[in-house]
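In what follows, a structure is listed as C-alpha cells, so that the remarks can point back to it.
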Amino acid sequence: MGRTAPAMAKVPREEKIQRRRDELADAALITLGELGFARTSLRDIAENSELSHGVVHYYFNDKLELLGYCVRRYKEQCATRYDELVASASSPLELRYGFAAAMRQTLLEDTAMHRLWYDMRAQSMFEPALRDDVRAIDERLQQMIWAIVSRYGELRKAPVRVSPLLAYVAFDGLFDDCLVRYHAGDDEAPQQLQEQATALLEQLVK
C-alpha cells in the first residue's frame with residue numbers, strides 16, 4: 001500500500017490577512033507617493049494593484065487606515081536600515097559618513113515616500129484619525145536618530161549636547177528642507193544634505 005502524501009501545511013488565516021495587507025500597502029505606496037494623500041482614492045489604489053476596489057475595502061476600512069499602515073510599514077523599514085548602521089559602525093568616521101550617505105541615498109531613491117510622510121504629518125492636523133499613527137512614527141524616527149547620535153557620542157567618547165527631541169528636530173528639519181528643494185528641481189540638494197548632515201552630527205557631539 002502506497003504512502004499517503006503529506007498534507008500541505010496550512011497558512012493561518014491571520015498570516016494570510018497580514019500578507020495581503022502588506023501586498024496592498026506596497027502597491028498603495030506607489031500610488032500615494034505619486035498623487036499624494038488628498039488626490040488618491042481607494043479606487044485609484046485598486047487600479048494599480050491586482051485586486052478590486054471591494055477587496056481593498058475589505059482589508060482596510062478607509063483611506064486613512066490604509067495610509068497610516070503604509071507609512072508605518074515604510075518608515076519601519078527605513079529605521080531598520082539605520083539600526084544596522086549603528087550596529088556595524090566601528091569608528092566615529094564610519095558612522096558619521098555612513099549615516100550622511102544613507103540620508104542622501106534615501107532622498108534620491110525614496111523621494112515620493114518621504115513626500116507622502118510629510119503630507120500625512122501635515123494632514124494629521126486636520127484628520128484626527130491620523131494622529132496616533134503620526135505620533136508613533138515620529139517616536140520611532142526620534143529613537144532612530146537618537147541611536148545614531150548617542151552611538152556617535154560613544155565612539156567619540158564625548159557627550160551629546162542636546163536632548164533626543166532636539167536631535168530629531170534638527171535632522172528632520174534639514175531633511176525636509178532638502179526634500180522640498182530637491183523636488184522643486186534643485187539637483188544640489190542631495191549632496192548638500194549629505195554634507196550638512198555630516199556637519200550637524202559633529203556639532204551635536206562635542
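Read-outs: derived from the displayed coordinates by stated rules, not from any lab. Keep in mind it's a predicted model, so treat the numbers as computed, not measured. Positions of Cβ are backbone-derived with ideal geometry, glycine not excepted, and every protein chain shown enters the neighbour counts.
Go ahead and run the numbers for FRET between LEU165 and ARG131, Cβ-Cβ distance against an R0 of 25 Å, rounding to 0.05. Efficiency, rounded to the nearest 0.05: 0.90. With contacts taken as Cα pairs under 8 Å and at least 6 residues apart, the chain reaches a relative contact order of 22 percent. Per-residue extension of 0.36 nm, minus the Cα-Cα distance of ILE17 and ASP176, leaves a gain of 53.8 nm for this segment.
For the range 94-206, the C-alpha radius of gyration divided by 2.2 N^0.38 Å, with N the number of residues, is 1.10.
Other residues within the sphere of radius under 13 Å centred on the Cβ of GLY153, judged by their own Cβ, net out at +4 (K and R +1, D and E -1). Quick check: the angle from helix 63-88's long axis to the longest principal axis of the chain, C-alpha only, nearest 10 degrees? Relative to the chain, helix 63-88 is tipped by roughly 50 degrees. If the chain linking TYR118 and GLN191 were pulled fully straight, counting 0.36 nm for each residue of separation and taking away their Cα-Cα distance, it would gain 24.2 nm.
Could you compute the FRET efficiency for SER88 and LYS157, with r as their C-beta to C-beta distance and R0 at 22 Å, rounded to 0.05? Step by step, r from the Cβ atoms, then E = 0.70. Close lysine pairs were tallied over the chain: pairs 8 or more places apart or on different chains with Cα atoms under 29 Å apart number 4.
Just checking my list (i) 18.9, 65; (ii) 20.4, 78; (iii) 32.3, 100 against Rg and Dmax of the Cα atoms in Å computed from this structure; which label fits? This structure yields the entry labelled (ii). Entry note, the range 124-206: relative contact order of 32 percent, from Cα contacts under 8 Å with a spacing of 6+ residues.
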